[in-house]
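Encoded as structure tokens, the structure appears first; notes follow it.
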């Protein structure tokens, strides 16, 4: 069984994994098949990168860079891992590289228009969602949270972003970051505790 | 830094992946898993960007342009040389293409004579026949008779070098000025005096010319004497 067969589940057999089938198609000489993968994961990759860099423009460019790098290195994709896990690792590395180059990173501009989709628990923290003052309060809270996230060490922020935005299991985060699962748990735990400390004074009574 | 059992239980509980025991242990440690989960939701909501820009078109366009670059590089490898194309047009229908050297000579004209400057240096008159001067110099230095330049060249080479080179320079310039030697090659009249091999591809002189070729070593310049003579002169 060759590499393409492994990706597609063997000659004549049905593809084991839709991502693997697309990867096999690209490697077989159909670069347009890569569009399927980009469209499938562009939202998630953008979110991950945005969670790290906190700039919509930078996140867009870096997410594109991540997809480009993945394409260029597709022949190195390890068949035993999930494509998204591999792609996410690339995106995270791209974001980290960007952050390290950007020594004096500016704080992300606050967007007054954001809101909604916060979930019932968040609503519980504030006033009624129809109340305009509630939106302002919520936006203020987001700003405070993100400012607090910005103060986290890089390694803790990585874990927090992958866990909160992607809802990834500890094990998958460990695979992406190439660290032990226990390290993932401890980084996540301390990241949250630090955020709670920073936000304690802003929480509604 | 690792986590204690209580901390690990609290983490799993707030992530919603803990067991009942984890919940109990978190509560026993003074934590409220529900409040932790609410806080987690707030963080998650803050992290999510408002909108997600479409990336596929841009990514595919960038990949497409990169592939075009590769295509361009490959095409450059196999592209015909421009010079070849130009020359094929220039030479099209030209059975006897012009020789560049001839074209240059025609354009530049003949060189200026330097004999007037050289003659005083070698003790000659400007109007003196160069061939006669050279033969006289060579014969005097080499101490051989008129036909002696067919004899072994050693004697000639010992003493005649300085004069011979200076004179030869004058002769060569004279050849350039002459231009009337259009006869067939006078190979039979050429007599080499050589210390090293000389390769003369072509030499055209008049039918009554005398040619003398001097080569004093592999690194030395080739000296060629050409003079017109009446058969009884030598």
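Ordered by the number of other Cβ atoms lying within 10 Å of each residue's own Cβ, fewest first, B:31, A:47 fall into the sequence B:31, A:47.
Here the calculated FRET efficiency for residue A:137 and residue B:32, from their Cβ-Cβ distance with R0 = 25 Å, stands at 0.65, rounded to the nearest 0.05. With both labels modelled 7 Å from their Cα along Cα-to-Cβ, the residue B:220 to residue A:196 distance reads 10.4 nm. Peptide A:172-185 has a mean shielding of 1, counted as Cβ atoms of other protein chains within 10 Å of each residue's Cβ.
In this calculation the C-beta distance from residue A:72 to residue B:3 is compared with R0 = 41 Å, giving a FRET efficiency of 0.60. Legend: mean number of C-beta atoms from other chains within 10 angstrom of residue C-beta atoms, peptide A:186-193, equals 5.
Rule-based calculations on the coordinates, nothing more; no lab input. Everything numeric here is computed off the predicted structure, so don't read it as measured data. Every residue, glycine among them, receives a Cβ derived from its backbone with ideal geometry; neighbour counts consider all protein chains shown.
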